[in-house]
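The values are calculated or read from the model by the stated rules, or taken from the named source; none is laboratory data. Since the structure is predicted, the reported quantities are computational estimates derived from the model, not experimental observations. Cβ: placed from backbone, ideal geometry, glycine included. Neighbour counts: every protein chain shown.
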Amino acid sequence: MTEYVGQSMPRYNGIGQVTGTARYVDDIQFPGMLYVKVLRSPVHKGTIRNLDLSAVAKTTGVAGVLTADDIPGQNAYGFYGDSQVFNPKQPRFKGEPIAAVVAVDEDTAMEALAKAKLDIEEQTPVFDMFEALKPNAPLVRPGTANNLFEYAPGKTTFVIKLGDIEKGFQEADHVIEGTYKEGMQDHCPMEPHVSVARIDDADRLEIYTHSQCLNVHLGFLCPVFNLPQSKINYIGGRCGGGFGGKNDIHCDHIAGLAALKFRKPVKFRFTRKEDLAYSTKRGPWVFEYKTGFKSDGRIVASHIREFHDSGAYTGLSPYCIEKCGMFASGPYAVPNILVEAQVIYTNKPVSSSMRGFAVLNGQVAMETQMSRIAEQLGLDPWELRFINAWRDGDMGASRYVVQGAGAIEAMRKCAELAGIQLPAKLMEMNSRRR
Amino acid sequence: MKHVLSFTLNGAPVDALVQATDTLLDVLREKIGLTGTKRGCDTGNCGACTVLIDNEPVNACLTIALTVTGKTVTTVEGLVEGSELHPLQKAFHEHGASQCGFCTSGMLMAAKALLDKHPQPSRSAIVEFMSGNLCRCGTYLEVIEAIQAVAGGK
Amino acid sequence: MKDVGYFAPSEIGETLKLLADYGAQATVLAGGTDLVPKINCYELKPENLLYIGRLGLDYIKEKDGKLVLGAATSTAQIAANELVQKKATALAQAAYRSGGAATKTIATVGGNVANASPGADLACALLAMDAEIALASVRGTRSVAIKDFFTGRGETVRRPDELLLEIHIPIPKGKTVFWKLGRRKAKTLSVANTSVHLLMDGKKCVEARIALGAMAPTLLRCTQAEALIKGQTLDITAAEECAARAVADSAPIDDQRASAWYRKKAGQALVVCALAQAADINN
Amino acid sequence: MKKKGVGMSCVLHPTGNKGAGDPSQAAIQLKPDGTFTLVTGAVDLGQGSSTILRQFAADELGVPIENITVNNSAGNAAPVTMGSFASRVTLIDPHAVKLAAEDLKAQICKWAAAQFGVNPDDVTFADNKVAVKNDPAKSLTMAEVGAGVFNSPALMIGTGAWYPAPFTAHDPETGAMPSVGAVSFGACYLELEVDTETGVVDILKLVQAWEVGKAVNPLMCKMQIGGGLSIGLGYALSEECWPHAPSMDFVPEVLGDYFIPTFADYPLENERAVAEVPHPMGVKGAKGFSEGSSTAPIPAIIAALHDALGVWITEIPVTPEVILRALGARG
């Protein structure tokens, strides 16, 4: 019988992509469908004194408005449960949803939104992580003592320890320190965020979604709608590019609320501006690396401090600093590791997952340290990596035992492809044993 | 006030009742219901809405619908001749020139316009002509391969 | 958007009458590459759209030592036109690099000029060639030198009842080049762009025109820098001094594409490259 | 002046969620005509999850792949998985598919055994049919099985669910977390040219290889390695949502001001390949990896810029302005 695993074959669901028949969420239209536009905070940080939507609601062609009061369940969702569907009191980032209008078309919705009377007191925002750490910095999250994520009361630093970091640096012949700044990136998929919702023939809330994780998001949505999974038909499976951006809910909750309130099919889609400026992002990082190594190139100590800018809400940032820390010393056997990591809030869009998911950021910093080490020792950069690369049985930072190590095999294939003749002593190495 | 728009779409005459500020993209997707052409940015930056007007590649999101009165418009739905996929569609599918597929219809229409003008384009000519079509999944290398395969008559 | 008027006249006379009647209430639409994004993003709600695509204003002719372009001539037509490539090289280069294939099909040279962006590629090349802008209205026609056409960011001397009809380019006697620097290799607005016309007599520069874009509220003619090299031998050091002078007269801004500091640095390097190419200096 | 530089990097990317406890379910239904429907909760982002899971189902069932249809948008009826993230699908979902196939085969063999009047262990399920061991005359095609099962009457759906291990959290003191999924490895080598007056970087040649355990669909591996450059090169050179310089007020809000790579920004020369070290945790050793192809080019660019300019740039994106400031600082 032919073996299919290992064979190249074209995309199973690909024909529809080259004929234009593949259906994406924005392609879905129902007769009498209404459209949603969101009233977004015009300021980076502020307190709403009053919001009058009466003129909005009375505009011809408007079915009505949506506010936090329309949420049957809790106005909270997300991996750490602190994201808000609407923020009626103290917006924390420019563009944060405050309320929404539902109308016959988007033009009408925009005209109506222009009539909203928003009385908001603008406050001084904080954008830079290290400004946010200063004692008198503006507080991003109302009612908290500082701008740091707390694992437990008073515990704002996540730590990973392996071996003995002091002993490691004593053994080291050399040390290289480096500070690395990495910016904020947007997923920028070609498909902006969008959601279609309606009440189906079994009186269930039916949502057409491009979510990357249907079950996780269903778990977030049920408490918002105060509905059991049996009352929601959450239909997804295709997405016009996710890259982590669609690991967070941007439209499903608001479209769902609109369908529940007005009992009509509803579409809520982001404009490209909303997608680019207000959706979740890969958050900025600052790393402080200190790497101790022997004259023959072996890495003996790796002290890493991570500072991760989470933006206005928690998103997935604690999970990010943890996963980054576990792999931030690279695919290398380092006996002594100390990772100290913090999540810092600022008045910026929310940091969450994006392709590479924090591990990318650590690898960029570690590989730059490795390149600097090779330069300082006058060692061939390939050789430095071959020497330190994991072998089966080596232990990673969080005490995981490495199985199926393959850094050497990857480098050998890359060198071969690049036409680089590696010296014999490297060619003899493999990842099975040192 | 509404205006009547009449033009030829994929070989057949169509009429639609449109506003003056409706774009060809709005009309194709929301009035006529051909949703193969995609809306990625509405500002002419991504190329996902590329269609052909009188066989020239155009951003449908930048084209006021009424300006295509009396012209011929070709969209991705017009590429299939009978039951036979267009050579570009077959090549895109087989060379993996489509991952999420959202930019693919725009890529196909630009590629068709390119090959209509230059049947044997060089790699740099393909890159220059196609550079208005963005793809975040990064299918650029496979799109080039697929176009070269069709140009080479493979 | 509801109740927006639409006119698509097929006669120039009819068009001018409409412009006279509606003036600022009639927004001229040719390619729409600058105008339609503003409509789509709710930044502009026109009263009426006046489509000029049916007037046949897309032609490129040579007449009395000038290239005459219809205002609705598309960027793609200009990039592919041999006459322009040979006799107004910089304009063909600017057209070639100004955007993606789809936008180049519809973007027009008249729109590029009328939109008056400080970083407009085609207008930058036209400025280096001392082009003239032919305007028409019910009151008659007039010709404005492009160096006097721009009055501010997005503002020109065109009156609301005037139609930008044609662009006249005195065929340059010397060599013209166009250089552009964006934030990526294609499909990018200009962080800085420059176009240079040099008439050389061996190593000596007889005539020089330098245009600089995205470095001030309007496109700049760097007359001071031109004066430095006119009548002088032009070698790489002279080119560098001239470029420094050109940039000194500019007033770039910080924006999301680049900082003023960077624009000055990169703009200067760009002018040197353009001068070197136009004068066949290989550095 | 243009300067050339070369650089390399070796990076990892974990496949599967940390701490394990990362479940995926799958179901395979036998249809009355003997074909199969694989129902999965894995969202196909364009990475090809439906394609590769179908390949595993066909191999485990031993039936022609054309006979298997995939439904990954079954709404309430869909099996549940953690999601299409953390490069986990290729590591974890194939286990659920394998178990679902084994479950379905066992049900069919048990049914066939009753038809043939033999013990289920004496029934073989291979080459798209069932047969009695050492009595090949006694066999049924899958179409016959499908119709027979429907009319017996029975509904046969094989189900499977799997995760690497129960979830264990980080040790609060040491941060220890011994169970991770698996780890994939990548290496990148590139040559670039940088203009010292404008700071513009051209990637001339880029080579990237990934160790993926088992290349389930080599074409799709190639696509993912090339695809990662869109986010990798963008993050390395041109994409910035909230730039520090010139000041923090200039946030790009139009796609034309957010510079993701175009055709023209991709390397002129590009080579891609996979290496295979079968991983004990993967079905046939297969691992996910494709987030990593965005990672590898970035440090390689930083190394190549040092090779060209003699200065270590320690911030990304390395915009042309960052390069000029770094050169300026160097004096």
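Side notes on the structure shown:
- Top-ranked residue of the stretch A:199-216 - restricted to ones that are outside any loop (DSSP other than H, G, I, E, B) and surrounded by 24 or more Cβ atoms within 10 Å (Cβ to Cβ), ranked as modelled with the lowest pLDDT: A:L214
- Taken over the stretch A:53-80, the residue count meeting the criterion of being in contact with a helix residue (DSSP H, G or I) (Cβ under 7 Å, 6 or more places away or on another chain), touching a residue at least 40 places away in the same chain (Cβ under 8 Å) and within 15 Å of A:A103 (Cα to Cα) is 7.
- Pairs where the first residue, in the stretch A:382-403, is more than 9 Å from every other protein chain (Cβ to nearest Cβ) and the second is among the polar types (S, T, N, Q), C-beta under 7 Å, 6+ apart: A:R391/A:S431; A:D392/A:Q403; A:D392/A:S431
- Qualifying residue in the stretch A:269-283 (condition: β-branched (V, I, T), within 24 Å of the chain's Cα centre (by Cα) and over 24 Å from A:F79 (Cβ atoms)): yes
- Here B:M109 meets each of (1) at pLDDT 95 or above; (2) more than 17 Å from D:S230 (Cβ to Cβ); (3) out of contact with any strand residue (DSSP E or B) (no Cβ under 6 Å at 6 or more places or on another chain) with one exception, condition (3).
- The residue that is nearest to C:Q93 (Cα to Cα), counting only those in the stretch B:111-135 that are surrounded by fewer than 24 Cβ atoms within 10 Å (Cβ to Cβ), within 10 Å of chain C (Cβ to nearest Cβ) and of a type in the set (A, V, I, L, M), is B:V127.
- The numbered conditions (1) buried (at least 20 other Cβ atoms within 10 Å of the Cβ); (2) of a type in the set (A, V, I, L, M); (3) touching a Phe, Trp or Tyr at 6+ places or on another chain (Cβ under 9 Å) are all true for C:L67 except (3).
- C:Y59 being over 20 Å from C:G154 (Cα atoms), surrounded by fewer than 22 Cβ atoms within 10 Å (Cβ to Cβ) and among the aromatic types (F, W, Y): yes
- Restricting the stretch C:23-55 to residues that are more than 9 Å from every other protein chain (Cβ to nearest Cβ), of a type in the set (G, A, S) and in contact with a helix residue (DSSP H, G or I) (Cβ under 9 Å, 6 or more places away or on another chain), the residue that is nearest to C:E11 (Cα to Cα): C:A30
- Filtered residues of the stretch B:43-75 (kept if of a type in the set (V, I, T) and more than 14 Å from chain D (Cβ to nearest Cβ)): B:V51, B:I53, B:V58, B:T63, B:I64, B:T67, B:V68, B:T69, B:T72, B:V73, B:T74, B:T75
- When residues of the stretch A:132-174 are limited to those that are free of Cβ contacts under 8 Å to residues at least 40 places away in the same chain and within 14 Å of another protein chain (Cβ to nearest Cβ), the one nearest to A:L316 (Cα to Cα): A:E150
- Within the stretch D:151-182, tally of residues that are in contact with a Leu (Cβ under 8 Å, 6 or more places away or on another chain), buried (at least 21 other Cβ atoms within 10 Å of the Cβ) and facing chain A (nearest Cβ under 7 Å): 1
- Qualifying residues in the stretch D:256-288 (those that are at the interface with chain A (Cβ under 9 Å from one of its Cβ atoms) and either over 30 Å from D:V97 (Cα atoms) or in contact with a Ser or Thr (Cβ under 7 Å, 6 or more places away or on another chain) (or both)) - the one surrounded by the most Cβ atoms within 10 Å (Cβ to Cβ): D:K287
- Every test in (1) surrounded by 17 or more Cβ atoms within 10 Å (Cβ to Cβ); (2) closer than 30 Å to D:C10 by Cβ; (3) among the hydrophobic types (A, V, I, L, M, F, W, C) is passed by D:A113 save one, and that test is (2).
- Test: residue in the stretch D:53-69 that is more than 30 Å from D:P320 (Cβ to Cβ), among the hydroxyl-bearing types (S, T, Y) and buried (at least 22 other Cβ atoms within 10 Å of the Cβ): no
- Scanning the stretch C:235-268 for residues that are at pLDDT 95 or above, farther than 15 Å from D:T198 by Cβ and either surrounded by 23 or more Cβ atoms within 10 Å (Cβ to Cβ) or at the interface with chain D (Cβ under 10 Å from one of its Cβ atoms) (or both) returns C:A239, C:C242, C:A246.
- Scanning the stretch D:64-91 for residues that are part of a helix (DSSP H, G or I), touching a strand residue (DSSP E or B) at 6+ places or on another chain (Cβ under 7 Å) and within 13 Å of D:V43 (Cβ to Cβ) yields one hit, D:G75.
- Near pairs, Cβ below 7 angstrom, 6+ apart or cross-chain, from the stretch A:1-20 (more than 11 Å from chain B (Cβ to nearest Cβ)) to any residue that is part of a helix (DSSP H, G or I) and among the hydrophobic types (A, V, I, L, M, F, W, C): A:Y4/D:A58; A:Y4/D:I65; A:V5/D:F56
- Some residue of the stretch A:113-120 being within 11 Å of another protein chain (Cβ to nearest Cβ) and modelled with pLDDT of 95 or more: yes
- Selection count where residues are aliphatic (A, V, I, L, M), more than 8 Å from chain D (Cβ to nearest Cβ) and over 19 Å from D:Y189 (Cα atoms), scope the stretch A:348-381: 3
- Flag for A:E121 being over 26 Å from the mean Cα position of the chain (by Cα), part of a strand (DSSP E or B) and either on the phi < 0 side of the Ramachandran plot or among the hydroxyl-bearing types (S, T, Y) (or both): yes
- Every test in (1) at the interface with chain A (Cβ under 9 Å from one of its Cβ atoms); (2) closer than 27 Å to D:S87 by Cα; (3) not in a loop (DSSP other than H, G, I, E, B) is passed by D:H306 save one, and that test is (2).
- Residue in the stretch D:235-255 that is closer than 30 Å to A:A374 by Cβ, surrounded by 24 or more Cβ atoms within 10 Å (Cβ to Cβ) and in contact with a Cys (Cβ under 6 Å, 6 or more places away or on another chain) present: no
- Within the stretch A:401-434, the set of residues being in contact with a Ser or Thr (Cβ under 7 Å, 6 or more places away or on another chain) and not in a helix (DSSP H, G or I) comprises A:A405, A:G406.
- One residue alone among D:T198, D:T168 is polar (S, T, N, Q), part of a loop (DSSP other than H, G, I, E, B) and not assigned by TED's automatic domain parsing to the domain that holds D:K287, and that residue is D:T168.
- Test for D:Y189: is it buried (at least 22 other Cβ atoms within 10 Å of the Cβ) and within 20 Å of A:E409 (Cα to Cα): yes
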